[in-house]
Amino acid sequence: MRGVDCLTDYYDVGQKRANLEQVQNAGVEVAADDLRFCDVDRLLDGVEAVFHLAGQPGVRGSWGEQFADYVKREVAKWGAEQVLWSPQRGDEDVQILAQ
């Protein structure tokens, strides 16, 4: 199993790293990548299924002074397009579940 997180600063990055360490200790390979800019084919190498759950938690940041940051991060969901189209670039038969 492989997990991917771009480690935004929406909440404490140290807490995110601690959470990811627990996931790694459970046997999950973790990559700190932004789906908008990384080599998605590399991330999907050998993968049979994808559960795409990217997005910023909560909605408080979608209003007021943090709106621009929220929009920028929600645009990160467009990285999902790379995940969705990547299997078509090769011979992989990848099942994808996206939120």
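The values are calculated or read from the model by the stated rules, or taken from the named source; none is laboratory data. What you see is a predicted model; the values in this text were computed from it and never measured. Heads up, the Cβs are rebuilt from the backbone with ideal geometry, glycines too, and the neighbour counts pull from every protein chain shown.
A search for C-beta distances below 6 Å between a residue of the stretch 16-32 that is surrounded by 12 or more Cβ atoms within 10 Å (Cβ to Cβ) and any residue that is at pLDDT below 90 and not in a helix (DSSP H, G or I), counting only pairs 6+ apart in sequence or on different chains, returns LYS16/LEU7; VAL23/GLY3; VAL28/MET1; VAL28/GLY3; VAL30/GLY3; ALA31/VAL4; ALA32/LEU7.
Residue count for the stretch 33-51, restricted to those that are closer than 19 Å to ASP69 by Cα and exposed (fewer than 11 other Cβ atoms within 10 Å of the Cβ): 0. If you go through the stretch 23-40 and pick out every residue that is modelled with pLDDT of 85 or more, more than 12 Å from ASP5 (Cβ to Cβ) and either touching a helix residue (DSSP H, G or I) at 6+ places or on another chain (Cβ under 9 Å) or among the hydrophobic types (A, V, I, L, M, F, W, C) (or both), you end up with 1. With respect to (1) closer than 24 Å to GLN66 by Cα; (2) surrounded by 13 or more Cβ atoms within 10 Å (Cβ to Cβ), the lone exception for ASP12 is condition (2).
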